[in-house]
Number of protein chains: 2
Amino acid sequence: MKGRVDYDRLREQFGTQVLGPELLAKLHQVAGADLHPLLTRGVYYSHRDLGPLLDGYANGKPFFVYSGRGPSGPLHTSHLVQFDLCAWLQRRLGVPMYIQITDDEKFWARSGLSREETRRWGLENLYDILALGFDPKRTHVFFDSRSIAALYPLAIRVARKIPYSTVKAVFGFEPSTNIGLVFFTALQSVPAFWPSWAEGRSIPCLIPCGIDQDPHFRLTRDIADGLGYPKPALIHTRMIPGLLGEAAMSTTANSSDNALFLNDPPKTVERKIHNAFTGGRATVEEQRRLGAVPEICSVWALWRTRFAESDSKFDEITRQCRSGELMCGDCKAQLLERVQAFYRQHEVARETAKTWAESAIVTEAPRPL
Amino acid sequence: MKGRVDYDRLREQFGTQVLGPELLAKLHQVAGADLHPLLTRGVYYSHRDLGPLLDGYANGKPFFVYSGRGPSGPLHTSHLVQFDLCAWLQRRLGVPMYIQITDDEKFWARSGLSREETRRWGLENLYDILALGFDPKRTHVFFDSRSIAALYPLAIRVARKIPYSTVKAVFGFEPSTNIGLVFFTALQSVPAFWPSWAEGRSIPCLIPCGIDQDPHFRLTRDIADGLGYPKPALIHTRMIPGLLGEAAMSTTANSSDNALFLNDPPKTVERKIHNAFTGGRATVEEQRRLGAVPEICSVWALWRTRFAESDSKFDEITRQCRSGELMCGDCKAQLLERVQAFYRQHEVARETAKTWAESAIVTEAPRPL
């Protein structure tokens, strides 16, 4: 992504709703205790139809959560913002979670990836996701190449509803686009309807996703009625800037230095944070005088999305940053400790996740369709 | 199909080879005894790479046969010409047979068909096909919606090789074509490579099909090399004229009066044959003087493709027709007896086929891919 992104404009352009205080209060009410930091810190900022979904929940109509991952390589910390919210919703509301691992799509989308690679990354990514705290009893995985018998009967019905012209417009397909990628959006829509099919009753779906994914799922919403299923509700995050900053050239942005990958060794994590782009000034003197700019800082984004242990800690760092009290080097040293603690905890949780990941993969269709 | 079709020109246009006496002699040699009537009577008239396939077989390299059916309704007798040859090849050469029932594709292709219908017709059609004399021990069925777990891992690889522009050109897809139909050709190509995958060695494939299907499987041939599988060989039939004649308007040609459906009751069969278009003359007198024209006669086409019990009988009918000895009414009466006998025999064979059809459906992938 080049330059700063105007997220409000993006939201207006897509025609989604603001995730405002009233709706957050409603969510707070059903969730109890407190709200997830990704909500209080404004990382989630937009939605579609979240209100009716929460009203339904409050009135005894359960919903489920769906998110997915295209396994093209290791996950990095920014990939976790969707799954973190999902896991929190599951803990607080007891909702089922459906995770789609699209090892077919990534093979179709990236000519440099082999099937062995997308399958392997699919499993590795799945372990990382499940390690975020999902409940084995309520978490179901569609691992596309292995779950196809469960997905395909519904995908057949979904695919008939989607003309080529629609996917061409939404995804910008070219004549050279392979027919797997053309078909894929049918499979991506299936999990949003699958529990309704499985249980033979209407079960609403909530999809946390990046705002850039909104057009994909708008397509899913558009076909829901015709299939007799409820439109999935959406809740959108801003895009998370990479370690090299939002202004990084796109080639740099794709470099492995632009993110903290979950399989990075400690030394690499340390180096990456050391080199991370900040909102600091040219000199210490200038920074003490003017303060730094958190909004453009990749380190601040890390505090914001995961590593500030409380909102008061996050507010304190933000204040100190802006006021010029906190220098970037000290801020990075503090962050590094938190990151290292997370990596250690995650490694343990990941080993536990491995013990039940296979049993979460859905392989059979629930009933004829 | 409107008007007469110049099959030699169609063959030249597609660039396929003539199925000539030399190649038929080679097939005769490996098959022993005699050749199938569909071969001796010129219904199969074109091919791609049949020679090397037969040479390989003669030298101990086995092949398999693949054909399919899109279950949009009941089968009629002309649908059997591919499967008749397949069953004969299996009996004579002991080759495995793979049958694909594309209940997904027909749902995508025909907006008027429900999934219940394509599934039901898929089973009904399958019973009819298996009743033609296939060996339960060597016959395998891909029933798309139920065999997807077996097909999909290979379909993922196939689909990446096929750009949208290719299927658009081959199948004439429009922007309004649904994405299921766009994807389908990947699934249609899979059976041609599946046994090679399953057994981990190169096993050539032979596909009997109508000449109009050649472009579909040329696409399969084009991607074979890149996937590391042998190009399937093809053997093509002419198109079989309907009961209302080749010149019937296309609306009439699609009417149920244009074919003998395998589920037609005896009275319907009788009526349809009675009303069938022939190559007869305007008056009996004229026909006795000039003879009739078998080449345009739908009744002659039925004798030719299935109902003449021997080549000598077929030649005799053809001679009598041309010479004016045989009037159309008498010819139809003779044919009706043969057709009725076939329907009676088929009903029994179909009941037997029902007992093993389910067990022939492949539902699992043979190995990772």
### Message
Which one, B:Ala341, B:Met327, B:Leu290, projects farthest toward the positive side of the charge dipole computed for segment B:275-369 from Cβ point charges (K/R +1, D/E -1)?
### Response
B:Leu290
### Under-5 Å amide H pairs with B:Gly210, H placed in peptide plane, nonlocal only
B:Thr237
### Query
What nm value, rounded to one decimal, do you get for the distance between A:Lys61 and A:Ser165 when each label is placed 7 Å out toward the C-beta?
3.3 nm
### Convex hull projection area averaged over all views, segment A:159-301, Cα basis, nm²
12.7 nm²
## Note on the structure
Relative to the compact-globule estimate 2.2 N^0.38 Å (N residues), the Cα gyration radius of chain B stands at a ratio of 1.00
### Label point distance in nm, B:Thr363-B:Ser323, each placed 7 Å from Cα along Cα→Cβ
5.9 nm
### Task
Calculate the mean, over all residues of peptide A:167-173, of how many other protein chain Cβ atoms lie within 10 angstrom of the residue's Cβ.
1
### Query
Ranked by accessible surface with a 1.4 Å probe, highest first, in what order do A:Met97, B:Met239 come?
B:Met239, A:Met97
### Task
Taking the Cα centre of the protein assembly as shown as origin, sum charge times position over the Cβ atoms of Lys and Arg (+1) and Asp and Glu (-1), and report the length of that vector in debye to the nearest 20.
20 debye
## Note on the structure
Which of A:Lys267/A:Lys332; A:Lys106/B:Lys168; A:Lys106/A:Lys354; A:Lys272/A:Lys332 exceed 19 Å between C-alpha atoms? The answer is A:Lys106/B:Lys168; A:Lys106/A:Lys354
### Query
Quick one: label points 7 angstrom along Cα→Cβ at A:Ser359, distances to the other copies in nm, smallest first?
3.5
### Message
Apply the a/c threshold of 1.5 to the C-alpha gyration tensor of segment B:250-348 and tell me whether it is rounded, prolate or oblate.
### Response
oblate
### Query
How large is the accessible surface per residue of segment A:250-348, computed with a 1.4 Å probe and reported in Å² as a whole number?
53 Å²
### Solvent-accessible surface (1.4 angstrom probe) belonging to B:Leu85, in square angstrom, nearest 10
0 Å²
### Query
Under a 5 Å amide H to amide H cut-off, with H placed in plane at 1.01 Å, what residues pair with A:Leu243 once short-range neighbours are removed?
A:Ala259
### Summary
Whole-Å distance linking the alpha carbon centroid of segment A:173-224 with that of segment B:113-136 is 31 Å
### Query
How long is the gain from B:Asn263 to B:Ser111 if the chain were fully straight, where each residue apart is worth 0.36 nm and the alpha carbon distance is subtracted?
52.4 nm
### Message
What's the longest uninterrupted piece of chain A once you rule out the GluC sites (Glu not before Pro) that are loop residues per DSSP with at most 15 other Cβ within 10 Å?
### Response
A:1-308
### Task
Amide H neighbours of A:Phe143 under 5 Å, at least 5 residues apart or on other chains, H built in the peptide plane: list them.
A:Ile101, A:Val362
#### Entry: Estimated distance in nm for a label pair at B:Ser312 and B:Arg138, the labels positioned 7 Å out from Cα along Cα-to-Cβ
2.9 nm
### Task
Convert each backbone phi in segment A:35-52 into a coupling constant with the Karplus relation 6.51 cos²θ - 1.76 cosθ + 1.60 (shift: θ = phi - 60°), then list the ³J(HN,Hα) values in order as whole Hz, x for Gly and Pro.
9, 5, x, 5, 8, 5, 9, x, 6, 7, 9, 8, 7, 9, 6, 5, x, x
### Query
For segment A:56-210, what log10 I(q)/I(0) values come out of the Debye formula at q = 0.13, 0.16, 0.17, 0.21 1/Å, with one point per alpha carbon and no solvent?
-0.63, -0.95, -1.06, -1.45
### Query
What translational D, rounded to a whole number of µm²/s, comes out for the protein assembly as shown from Stokes-Einstein when the hydrodynamic radius is the Kirkwood one over Cα pairs, at 10 °C and 1.306 mPa s?
54 µm²/s
### Task
Would you mind counting up the charge near A:Glu316? Only other residues with Cβ under 12 Å from its Cβ, with Lys and Arg at +1 and Asp and Glu at -1.
-1
### Task
Report the accessible surface area buried between chains B and A, summing both sides, using a 1.4 Å probe on protein heavy atoms only, in Å² rounded to the nearest 100.
3100 Å²
#### Entry: Within-14-Å neighbourhood charge of A:His346 [Cβ basis; K, R +1; D, E -1]
-1
#### Entry: Whole-Hz couplings from phi, Karplus 6.51/-1.76/1.60, listed for segment A:188-199; x for Gly and Pro
6, 7, 3, x, 5, 10, 4, x, 5, 4, 4, 9
### Message
Within 10 Å of each Cβ in A:153-161, how many Cβ atoms from other chains are there, averaged over the peptide?
### Response
6
### Summary
The ³J(HN,Hα) series, computed from each phi in segment A:157-165 with the Karplus coefficients 6.51, -1.76 and 1.60 at θ = phi - 60°, rounded to the nearest Hz and given as x for glycine or proline, is 5, 4, 4, 5, 7, 10, x, 4, 4
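The values are calculated or read from the model by the stated rules, or taken from the named source; none is laboratory data. This structure is a prediction, so every number in the text was calculated from the model and none was measured. A quick note on method: Cβ atoms are made from the backbone with ideal geometry, for glycine too, and the neighbour counts reach across all protein chains shown. In case anyone asks, the SASA skips ligands and DNA or RNA and just uses the protein heavy atoms, side chains included. Shrake-Rupley method; radii C 1.70, N 1.55, O 1.52, S 1.80 Å.
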